[in-house]
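To start, the structure under review is shown below, and the notes come after it.
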Amino acid sequence: MWEYTDKVKDHFLHPRNVGEIENPDGVAEVGSMACGDALKLTFKLDENKRIKEARFKTFGCASAIATASALTEMIQGMSMEEAAKVTNQDIADYLGGLPQEKIHCSVMGREALEKAIAHYQGAPLEAGEEKIICECFGVSEKEIDRVVRENNLKTIEEVTNYTKAGGGCGGCHDAIQAIIDRVQGEARPMARPKLTNIQKIKMIEETLEHEIRPSLKQDGGDVELIDVVGNRVQVATRGACATCPASQQTLKNFVEAKLRELVWPELQVEEVTP
């Protein structure tokens, strides 16, 4: 018997934002009722190009309903750039975790969001161009490659938990293992040279000023550097960011991600009140 968190149970028993938006800015349908899970996601933007409303329709288990409900709550208030950074693990973490056998529901949610954003941007993903590895569940090579990389998967069983691929006839197991071996065998990037505290602070300041704040200011927000303690970057939100319900997602998925990419991979951003 699977163990579900209280938050998963709450979103299953009392799902938020059920339905479909008329004339949506973004729309996507993923999965298949024949395979046991299907999800339709629609969203509408406000005048600032942030997600004003998101709704879903789903066919599937309690975890499928809960993850779709959680996803619509998470992305409301986000810009397209912020929403594009949401991962399946973010959805699972929002719910306090999911059983490994049900983690594929969060992957389906992430896939729906990605395709809905692509639809809004006028470049929908064409499933017909993707090589299908698992015929039983219609899972492509691209999707398997992606979840292996994002979640550091090492076994076929883990891939099945995340995508359902390999959970049917088993005829695709060799192909799945080949993808795992290829990803795991790729050379890791060279380690970055160690930074002094002065160098680290200077690079953080430059990245905030030139890469992060301009994007936030476009949406009426801002962020101010308060202090750097080891790998902890303490900031204060300003403007629209200070009142936005999705500010924590912005700090994690945009500010922290950008600092980790351009300065140091172990940096952690935390909001403080100066």
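The values are calculated or read from the model by the stated rules, or taken from the named source; none is laboratory data. Since the structure is predicted, the reported quantities are computational estimates derived from the model, not experimental observations. FYI the Cβ positions are ideal-geometry reconstructions off the backbone, even for glycines, and counts take in every protein chain you see. Accessible surface areas use protein heavy atoms only, side chains included; no ligands, DNA or RNA. Shrake-Rupley method; radii C 1.70, N 1.55, O 1.52, S 1.80 Å.
Descriptive notes on the structure:
- Out of Glu205, Glu157, Glu143, Glu150, sole residue that is among the charged types (D, E, K, R), part of a helix (DSSP H, G or I) and touching a residue at least 40 places away in the same chain (Cβ under 8 Å): Glu150
- Test: residue in region 178-188 that is on the phi > 0 side of the Ramachandran plot and either modelled with pLDDT of 90 or more or surrounded by 19 or more Cβ atoms within 10 Å (Cβ to Cβ) (or both): no
- Per the listing Arg16, Arg50, the residue uniquely touching a residue at least 24 places away in the same chain (Cβ under 8 Å) and in contact with a strand residue (DSSP E or B) (Cβ under 8 Å, 6 or more places away or on another chain) is Arg50.
- Within region 38-97, helices (runs of 4 or more DSSP H) holding 2 or more residues that are open to solvent by 10 Å² or more (accessible area, probe 1.4 Å) and farther than 18 Å from Lys7 by Cβ: 80-84
- Residue match in region 116-125 (condition: closer than 19 Å to Ala64 by Cα, small (Gly, Ala, Ser) and either part of a strand (DSSP E or B) or in contact with a Phe, Trp or Tyr (Cβ under 8 Å, 6 or more places away or on another chain) (or both)): yes
- Among residues of region 205-248 being polar (S, T, N, Q) and over 19 Å from Met74 (Cβ atoms), the one that is least open to solvent (accessible area, probe 1.4 Å) is Thr207.
- Pick from region 247-274, criterion touching a strand residue (DSSP E or B) at 6+ places or on another chain (Cβ under 8 Å) and assigned to a loop (DSSP other than H, G, I, E, B), ranking: nearest to Lys200 (Cα to Cα): Leu267
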